[in-house]
Amino acid sequence: MAVGFFDAGELDGRVVGVGGATYVFPSYCSIVSEPDDCLTNKSITVGIQMAKRESLGDDSSTVQLSLVDAASHPLPVHNATRDFIIHIPRDEGSSVEPEVVEPRVSNTMPLSIHKVEVPLPNLGVSVLVSSSNQSDASQWVLAWSSSELNGSLEHTENLLYFNELNYHPDTGFYELFLDSETIGEATGTYSIGIGHYNMTEAVETLSWSSEGCRVVGANTTITTCACNHLTSFGSGFFVAPNAIDFSYVFANAGFLDNLTIYLTLIISLALYFIGLVYARIKDRRDVEKVGVIPLADNEPSDQYLYVLIVHTGHIPNAGTKSKVQFLIAGDWEESDVRTLNEAETSRPLLTRGSVDHYLMATSRPLPKDLA
């Protein structure tokens, strides 16, 4: 353990190494949560007490550093207005080579999707990408999401060009770093997408963009824009719908104040229910018309069954309530006289426009030449 003393005014930006770790200090006034001019006309001596503890795990060690006053009494440091920057090294033997993935993109799948597991909250995630040709960095994009990406460049919120990322010239990699504040409590599977996006091709799709322009004035006849470039320009005008103030509606919903509205609703509902009852009656009558009616003069011993279909015309007075009898005659033989509408049934028979089905039973088969 070692202690170094110096003037508190020299603390801002001081870099201190402790067992391989590096501390970058903020100003003394921010550490003690006082105004920036707290050292004006003052001279305060502070000390930095440095120590290194045992290994925390397989790939990291714990480091400790504290401030003391001129008498070596510890100074409490809580809620500093500026952050300490701390670089903590990991064990060289525990470092893992990053997984190298070759992206595969196509016209149907503009983004090559890869998965990254974030097992704990408030972690940091580093994504390294590279381009074989540095001039193509402005045409390759990197997208990320804490949920599933659909492989499309459209409606992708977190989308960055490679040349917008942090470039490491010593390795040739572009880095996307998601800090612990960005990750937050969102653990699980993150989607990382890499795609090729050509601005020239995007312009050829004739999609409108507001990039480089801002609206400085508008009315119902003209829109005024200020732009930093020249191209084709266009504008539209959208009239926002009136918002419904339900508190006002319910406060003024009295019957006498809105008599016309209430009468319209009451009459409409009454007509609806009357139509509902009428339709139900018609449905029940339609059900009664369904099925085959056995002729009243069928005998239980008859073994041969025939279905007769009788169509009644649509002209006025086409229907009848009279007893209708018939026989089927052929060149050599004829059937007995039979009666159609003598059976006991609540179903109306032989009405105008109806199609009635009757079941006729006979004791012998009818010849084929009957008509």
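The values are calculated or read from the model by the stated rules, or taken from the named source; none is laboratory data. Quick caveat: nothing in here was measured; it's all calculated off a predicted structure. When we count neighbours, we look across all protein chains shown, and the Cβ atoms used for this are built from the backbone with ideal geometry, even at glycine.
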Checklist entry - Residue check, Leu349 against (1) in a strand (DSSP E or B); (2) at pLDDT below 90, all met but one. Which one? => result (1)
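A quick yes/no check of all residues on (1) hydrophobic (A, V, I, L, M, F, W, C); (2) assigned to a helix (DSSP H, G or I); (3) not assigned by TED's automatic domain parsing to the domain that holds Val324:
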site	(1), (2), (3)
Glu211	no, no, yes
Val216	yes, no, yes
Val249	yes, yes, yes
Ile266	yes, yes, yes
Leu269	yes, yes, yes
Gly275	no, yes, yes
Ile281	yes, yes, yes
Ile293	yes, no, no
Asn298	no, no, no
Next on the checklist: Looking at the range 337-346, can you tell me whether even one residue there is free of Cβ contacts under 8 Å to residues at least 24 places away in the same chain, out of contact with any helix residue (DSSP H, G or I) (no Cβ under 7 Å at 6 or more places or on another chain) and more than 27 Å from Val287 (Cβ to Cβ)?
Outcome noted: yes
Item to check | Set Ser146, Ser66: member being over 21 Å from Tyr174 (Cα atoms), at pLDDT 75 or above and surrounded by 14 or more Cβ atoms within 10 Å (Cβ to Cβ) | outcome: Ser66
Item to check | Scan of the range 79-110 for residues that are surrounded by 15 or more Cβ atoms within 10 Å (Cβ to Cβ) and modelled with pLDDT of 75 or more, ordered by number | outcome: Ala80
Item to check | Residue ID - modelled with the lowest pLDDT, chosen from residues in the range 236-284 that are more than 40 Å from the chain's Cα centre (by Cα) and among the small types (Gly, Ala, Ser) | outcome: Gly254
